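Undergrad: Here it is: the structure, laid out below.
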Amino acid sequence: EANSEAGAALPTIGFVGEEDRPPALILRDYREAEIRHGRLAMLAAMIWPLQEILDRIFIPESFGETTVIYGGPTLPFLPLMMTFFMLNLGYLDIYSSEIKENESGDAFLPGECFWDPLSVMEGAPDLMKRNMQEREILNGRAAMIAVAAFIFEEAMTHQPIITLHGNELLFEPAYQVPFIQAWLDLQFGSIGSSSVMF
């Protein structure tokens, strides 16, 4: 009865199909979708600003005129890399789906790909696996929020995110941030001047 009450609070229409499934499995499927979206978001949160940083270095004449959202001249390498990662994640999804249907059934963890070439999780205790899953979920949620913020900032300002005021703390070396430069000059400027005197 408790399970049926918990299941009543979950929106199952359009996701479950005709057969009834236990609420725990429905929740696991939602967690699976969250993990997969989080993995893509973590890649995007790294590649998006890196793309703009490389554009500023290698094609400075056109940098700032366009953004990732609105298009324009850009280096093709990172978009191709992101496409490659997305295709590989899609392949892993298909590969893991085949194993789930033919071998493991419902006995699998959310986000499990059944592929561990470096044997990171081999022989790991359940507590370690749970901790790693929690970290992946939290990082994926933070990345999804970050990508949504990137989209909002560029859509509103029509400027690359790495050039927006306040973002220099995230995308610039610390010694190039103006107020940090001023602090470093205040702390160590006298050392340079005294060494010149000697």
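The values are calculated or read from the model by the stated rules, or taken from the named source; none is laboratory data. What you are looking at is a predicted structure, and each value in this text was computed from that prediction instead of being measured. Positions of Cβ are generated from backbone atoms using ideal geometry, with glycine treated the same way; all protein chains shown enter the neighbour counts. Side chains are part of the model used for accessible areas, which takes the heavy atoms of the whole protein and leaves out ligands, DNA and RNA. Shrake-Rupley method; radii C 1.70, N 1.55, O 1.52, S 1.80 Å.
Undergrad: Suppose we filter the range 41-78 for residues that are part of a helix (DSSP H, G or I) and within 22 Å of residue 167 (Cα to Cα); how many remain?
TA: Result for the range 41-78: 19.
Undergrad: I've got another one for you. If the Cβ limit is 7 Å and pairs must be 6+ apart or interchain, which residue in the range 116-130 that is over 17 Å from residue 92 (Cβ atoms) pairs with which residue that is part of a loop (DSSP other than H, G, I, E, B) and modelled with pLDDT of 70 or more?
TA: If the second residue must be part of a loop (DSSP other than H, G, I, E, B) and modelled with pLDDT of 70 or more, the pairs left are 129/121.
Undergrad: Further, regarding this structure: Could you please give the count of residues in the range 152-173 that are within 12 Å of residue 48 (Cβ to Cβ), open to solvent by less than 80 Å² (accessible area, probe 1.4 Å) and not in a loop (DSSP other than H, G, I, E, B)?
TA: Count: 5.
Undergrad: Same structure, new question: Looking at (1) at pLDDT 75 or above; (2) open to solvent by 40 Å² or more (accessible area, probe 1.4 Å), can you tell me which one residue 41 breaks?
TA: (2)
Undergrad: Let me ask something additional. Can you find a residue that is outside any helix (DSSP H, G or I), touching a Lys or Arg at 6+ places or on another chain (Cβ under 7 Å), modelled with pLDDT under 85 and not β-branched (Val, Ile, Thr) anywhere in the range 90-107?
TA: No: the range 90-107 contains no residue that is outside any helix (DSSP H, G or I), touching a Lys or Arg at 6+ places or on another chain (Cβ under 7 Å), modelled with pLDDT under 85 and not β-branched (Val, Ile, Thr).
Undergrad: Still on this structure, I have one more. Could you check the range 72-86 and list, in sequence order, the residues that are closer than 27 Å to residue 142 by Cβ and over 16 Å from the mean Cα position of the chain (by Cα)?
TA: Scanning the range 72-86 gives 74, 75, 77, 80.
Undergrad: Here is a follow-up. Would you be able to say whether some residue in the range 54-75 is at pLDDT below 85, touching a Phe, Trp or Tyr at 6+ places or on another chain (Cβ under 8 Å) and surrounded by 12 or more Cβ atoms within 10 Å (Cβ to Cβ)?
TA: Within the range 54-75, one or more residues are at pLDDT below 85, touching a Phe, Trp or Tyr at 6+ places or on another chain (Cβ under 8 Å) and surrounded by 12 or more Cβ atoms within 10 Å (Cβ to Cβ).
Undergrad: For residue 41, only one of the following conditions fails: (1) among the hydrophobic types (A, V, I, L, M, F, W, C); (2) closer than 30 Å to residue 130 by Cβ; (3) without any contact (Cβ under 8 Å) to a residue 12 or more places away in the chain. What is its number?
TA: For residue 41, the failing item is (3).
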